[in-house]
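Below: one structure, written as structure tokens.
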2 protein chains.
Amino acid sequence: MAYEYSPPGLYVPAFEIEHRLQGIQEMMVQDGFEGALLFQNMDRFYFSGTMQPGILFLRPQEEPILFIRKNIDRAREESSLERIAPLASLRDLPAAILEMDVSLPQTLGLELDILPAQTYLQIEKLFPSAHLLDFSVQLRRCRMIKSAWEIENLRQAARMTADLALAVPSHLEAGLSELELAGRLESFLRHKGHQGYIRTRGFNQEVFYGHILSGPEGVRASYIDSPSGGLGTGPAFSQGAGFKKLRPGEPISIDYCGCFDGYIVDQTRMFSLGTPGPEVLRAYQAMIEVQELIKDRTQPGVTGDQLYHWAVEAAARLGHRNHFMGSGAARAAYVGHGVGLELDELPLIAPHFSWSLEENMVFALEPKVILPGIGLVGVENTYVLTRQGLESLTTASEDFQIV
Amino acid sequence: MAYEYSPPGLYVPAFEIEHRLQGIQEMMVQDGFEGALLFQNMDRFYFSGTMQPGILFLRPQEEPILFIRKNIDRAREESSLERIAPLASLRDLPAAILEMDVSLPQTLGLELDILPAQTYLQIEKLFPSAHLLDFSVQLRRCRMIKSAWEIENLRQAARMTADLALAVPSHLEAGLSELELAGRLESFLRHKGHQGYIRTRGFNQEVFYGHILSGPEGVRASYIDSPSGGLGTGPAFSQGAGFKKLRPGEPISIDYCGCFDGYIVDQTRMFSLGTPGPEVLRAYQAMIEVQELIKDRTQPGVTGDQLYHWAVEAAARLGHRNHFMGSGAARAAYVGHGVGLELDELPLIAPHFSWSLEENMVFALEPKVILPGIGLVGVENTYVLTRQGLESLTTASEDFQIV
């Protein structure tokens, strides 16, 4: 595609939406869902191409209906769906469905993983004869396999992080605070068209671009599910960049997301001001080795669980048994995670994730280790799984950059 | 307080937590709650001082118990609560409560407005004899009245937005995109210690600092509940700053949040490159008049509903009946909203909000009008209600700044 950080001005193409609907409708038939109601922003966007507020009603055999609470004109402009109807309130939904000559479903799928309890209880009353079932696994499974169009968007996002890695050295200065560095790098990304906001699906997960962490303070475990933590700006935002100033010789880990047209890639690169201690460079080399080992072995058919255990074993063999992916109770229970419209998509590269990995899954792998008293060291790339194995979308040099 | 954008390094003081607990426990007695479970980040933080993941168990007459899933050391450091206990999984909660010599409550309050349905259904099974009730109104009502300590944090946040307004003119340039301007201003705010992330409670609400909107494109209605919208970066993030370039003479509205130690203030100021049309300046003057009229009349005892109607009537009298706070179905159903740890707190300055406003409530008022074909024009300040009326925390000059 021709655009380079220019306004994409592209709506999600009709063929994308059709393909996605076909996939989810097949799952509905297979798993016995007569209908499903989608409320969450990215679920609705994925199947309709618009974020205008409302509810998307899916059925296994018929055209979906997009009910819109406001800005129906913008919804019609952005979405290629045929049936778009106004809906003032959730209360009116059963009548609105019946009005469109559609019968009410007896088994109704809902996003139980994130739908507010209050809305769930209201739907229970509005559809008294329907059996309400969790539909989030089907939705997440469908969104897990990326199309060529999605992978192209992810490649564009990865160009942002490649450029970012090149730009970092010119912004690094001893005495600069992590927050000041964050401001410079975020401004750089906004200049490239970054939407700023990084979405997560999980309740209570909060992400802001990513983490800039330097020195021993960077290994403080945070409240989010991540191997990295940091001081943050204080107890009210106790993760990521903080007021701490960059010091010579300490590892500086920059784990930032690129984002293009909603699609996110995740990348971590290491920097330092002056040469760090040899244990830092050795640990980094070990994490690169862990990464290469996983890359060598990964092909369609292996499971996230297998990858995770390969990584943990390789790290242990290389001397990092105790602090790989964090320490003690704060150890992150994964070494990778799916990315796409959200940062916490499937698959998980984690224990007990027993689904076979398939072609066109996209996920980040982030082998990282804590060096107590020194800092966080590691690498992260976002990959697409092809028939031949893992292809890295993130292309920034993996050299530990000493500035 | 002495600090100025420096690391606060302050934990939420014990006297704050005690005072807050006393308030919510009185409500529990009054409204008949034998217990309440708090899951949401800011609800837990507000009553414990830490965001480390877990569940806060409140009872009307006894010490609360903070159950922590991970990072219990950091939780103990950040929180002044006495009873902090580890909890590996929600499944273990009833046993963990009984182990602490506490009986299981028969009426259990939950944050039904935002608690995921899946968690709700799990609690239903874990506490089969408990009556599960919505506790979110009590929580939001408690958080609505700010303490002197909170107001001091809000004043610090307002110093950021005052400085921001002073800095804007030096960053404005014709031909700069809204996104590029956003990057510069966000970097400025990070330099001042801004946490970046702006929290909302509402499901599907997404905020990123705020909105920079210029010219006619700035009035496109967005998916969030706001009078302002904008193109955003595309259909996947269709609000706020976009690729549009700043043009001479058009209104540029900068609606950005300051944030200090988690506390948010909301401020909008107007700018233009060269003199805008007289209708822009007239509309701005009208919005200032609407604001002043509300300010003159507001004192403890009036309702949010009254304020809203005063504003709508004043705007209509000044010639802005049709496009005040947006147009048609996209009109925002409010003229103000509470702020604090989240951007969508209570009170609402909105129709049907019939609670009497009380001393130490903090809310933003944002009379704004759409001039079709021209742009969005308006003003926004964050106020604390005192015995004498509204005091503005945001202190930036309200002059329409022509650069």
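Numbers below:
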| read-out | value |
| --- | --- |
| Per-copy distances of the residue B:285 label point, shortest first, in nm (7 angstrom along Cα→Cβ) | 7.4 |
| Computed [θ] at 222 nm, deg cm²/dmol, chain A (DSSP H ≥ 4; -39,500 (n - 2.57); rounded to nearest 500) | -10500 deg cm²/dmol |
| Above-threshold pairs, the threshold being 20 Å between Cα atoms, out of A:244/B:192; A:368/B:192; A:70/A:125 | A:368/B:192; A:70/A:125 |
| Cα gyration tensor shape of the range B:236-325, rounded if a/c is under 1.5, else prolate or oblate by comparing a/b with b/c | oblate |
| Apportionment of accessible area to carbon and sulfur, chain B, percent (1.4 Å) | 51 percent |
| For residue A:310, solvent-accessible area (1.4 Å; no DNA, RNA or ligand), Å² | 50 Å² |
| Whether the protein assembly as shown is rounded, prolate or oblate, judged on the alpha carbon gyration tensor where a/c under 1.5 counts as rounded | rounded |
| Net lengthening on full extension, residue B:73/residue B:14 (0.36 nm per residue, minus Cα-Cα) | 19.5 nm |
| Label-point separation in nm, residue A:292 to residue B:89, each point 7 Å along Cα→Cβ | 3.9 nm |
| Value of Rg to Rh for the range B:180-242 (Rh from inverse mean 1/r over Cα pairs, i.e. Kirkwood) | 0.98 |
| Residue B:386 paired with residue A:166, simple spin-label distance in nm, labels 7 Å along Cα-to-beta-carbon | 5.5 nm |
| Cα gyration tensor, the range A:314-403 - rounded (a/c under 1.5), prolate or oblate | oblate |
| Chains B and A together, accessible area buried on both sides, 1.4 angstrom probe, square angstrom | 6100 Å² |
| Positions from the range B:158-201 whose accessible area shrinks by 30 Å² or more when the full protein complex is built, not the chain alone, probe 1.4 Å | B:179, B:180, B:183, B:187, B:190, B:191, B:193, B:195, B:197, B:199 |
| Using a Förster distance of 30 Å, the FRET efficiency for residue A:29-residue B:134 (Cβ separation, nearest 0.05) | 0.25 |
| Selected from B:232, B:242, B:175 as most flexible by GNM, with chain B as the system and alpha-carbon contacts under 10 Å | B:175 |
| Rounded FRET efficiency, nearest 0.05, which uses the C-beta distance separating residue A:358 from residue A:61 and R0 of 30 Å | 0.70 |
| Under 13 Å from residue B:295, Cα to Cα: aspartates and glutamates that are on another chain or at least 8 residues apart | B:366, B:380, B:391 |
| Proximal charge balance of residue A:364 [Cβ under 9 Å; K/R count +1, D/E count -1] | -3 |
| Surface accessible to a 1.4 Å probe, per residue, for the residues of the range A:83-225, Å² | 34 Å² |
| Label geometry 7 Å along the beta-carbon vector: residue B:148 inter-copy distances in nm | 6.8 |
| Acute angle (nearest 10 degrees) that the helix A:304-317 long axis makes with the longest principal axis of chain A, alpha-carbon atoms | 10 degrees |
| Pseudo-label separations to other copies for residue A:13 - Cα-to-Cβ vector, 7 Å, nm | 6.2 |
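The values are calculated or read from the model by the stated rules, or taken from the named source; none is laboratory data. On a predicted model such as this, the values are computed, not experimentally measured, just so you know. In this analysis, Cβ positions are derived from the backbone assuming ideal geometry, glycine residues included, and neighbour counts consider all displayed protein chains. Surface areas here come from the heavy atoms of the whole protein model, side chains and all, with no ligands, DNA or RNA. Shrake-Rupley method; radii C 1.70, N 1.55, O 1.52, S 1.80 Å.
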